[in-house]
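For reference, the structure is listed below as structure tokens.
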Amino acid sequence: MAVSLNTFSSGSFLNAGFACVFLVSVVLSLAMPVEAQQPPRSPEAERAERERQMADYLRRGNPPLRPGSRGYSIGRPPVELSKEIKARLEISPEIKTEYAAFLKMRNTGVFKLLSDGSEADPLAIKSASSTQMMNPIFRATSTYSFREKQLGSWLLDIVYLEGQIRGMMATSHLIFTQLGVEDIASVTAETPGMPFLASLAQAKSPEEVDEIAARLAPGISDGGFRYTTSTWPRVGKIYGLRLVAYGFRRGNSFSPGEKDLLLAFKIATRDEDGSITVVWKELHRKNAPVFKLK
């Protein structure tokens, strides 16, 4: 399922923070057949609707601040996880040993994303309906922020849902491709498949955010590579990723975390329960545009 910033014109925003996340992965797929039967709106009506939705998003979406070790941080306090779930999130000793040298390099890391599970799994986090993205346990164990470099962050970037890795935030555009290399440590911005990702231009306006998302949504083929907004993770394969997370401001309301990242990640292993361990490498990080809305 493709993830698109056309979310802004689909008519669905959630109440706060993480809420803007799930509409991209669930509600949009349910809403599209209905919208296809409706007569197209004029450009003026589309623009007015987008502005109304963005105003509503900023009004409801201001992230709460909470005390932290270095002043205040964005987001709600961490959710309490059971011992069983914490055990599943542990990186195996084998992975730590195999990637020990890689993980000593700058701007690298490893994390595990838990599968939403099967009916026979007593720890499964059910995803049979759109409400699964509102489950704090699911968000804390099956989503990751490359911007924050942590699981379950307020600034979610990807989700592992129904066997796919998907982009998350309605205020971002994100695209993957599978690379043809075997050693993640060797990946650079010049590795075949990566230059296309690196060359994607940032949007210069909210309208252009929508235009870029519309181009990315169906996928793009270029130079023998397929670039998509979701991917089926395959063990042992290495993927390139470009993420541009835009900032939006209206008065005192804001969406935080505007960053532009180029990364590579590898699916190191998949557990019997479907959970995956991911090692990653950041190739560049810079600021993304911030759009001030009237």
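The values are calculated or read from the model by the stated rules, or taken from the named source; none is laboratory data. Note that the structure is predicted; figures quoted are calculated from it, not measured. Positions of Cβ are generated from backbone atoms using ideal geometry, with glycine treated the same way; all protein chains shown enter the neighbour counts.
Counting only residues that are at pLDDT below 95, touching a strand residue (DSSP E or B) at 6+ places or on another chain (Cβ under 7 Å) and not aliphatic (A, V, I, L, M), segment 152-180 holds 11 of them.
Rundown of residues vs (1) in contact with a Lys or Arg (Cβ under 9 Å, 6 or more places away or on another chain); (2) acidic (Asp, Glu); (3) under 23 Å from ALA100 (Cα atoms), yes/no style:
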{"site": "THR177", "(1), (2), (3)": "yes, no, no"}
{"site": "PRO192", "(1), (2), (3)": "no, no, no"}
{"site": "GLU211", "(1), (2), (3)": "no, yes, no"}
{"site": "TRP232", "(1), (2), (3)": "no, no, no"}
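Scanning segment 184-202 for residues that are in a loop (DSSP other than H, G, I, E, B) and either at negative phi or exposed (fewer than 14 other Cβ atoms within 10 Å of the Cβ) (or both) yields VAL187, THR188, ALA189, GLU190, THR191, PRO192, LEU200, ALA201, GLN202.
Each row is one residue, and each column tells you yes or no for (1) of a type in the set (Asp, Glu); (2) surrounded by fewer than 20 Cβ atoms within 10 Å (Cβ to Cβ); (3) within 16 Å of the chain's Cα centre (by Cα); (4) assigned to a loop (DSSP other than H, G, I, E, B).
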site	(1), (2), (3), (4)
ARG234	no, yes, no, yes
LEU243	no, no, yes, no
ARG249	no, yes, no, no
PHE254	no, yes, no, no
PHE265	no, no, yes, no
THR269	no, yes, no, no
GLU272	yes, yes, no, yes
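Screening the candidates SER205, SER221 for the property of being surrounded by fewer than 13 Cβ atoms within 10 Å (Cβ to Cβ), out of contact with any Leu (no Cβ under 6 Å at 6 or more places or on another chain) and touching a residue at least 60 places away in the same chain (Cβ under 8 Å) yields one hit, SER205. Considering each residue of segment 94-115 in turn, at least one proves to be farther than 17 Å from LEU263 by Cα, of a type in the set (Gly, Ala, Ser) and at pLDDT below 95. Here LYS294 meets each of (1) at pLDDT below 95; (2) in a strand (DSSP E or B) with one exception, condition (2).
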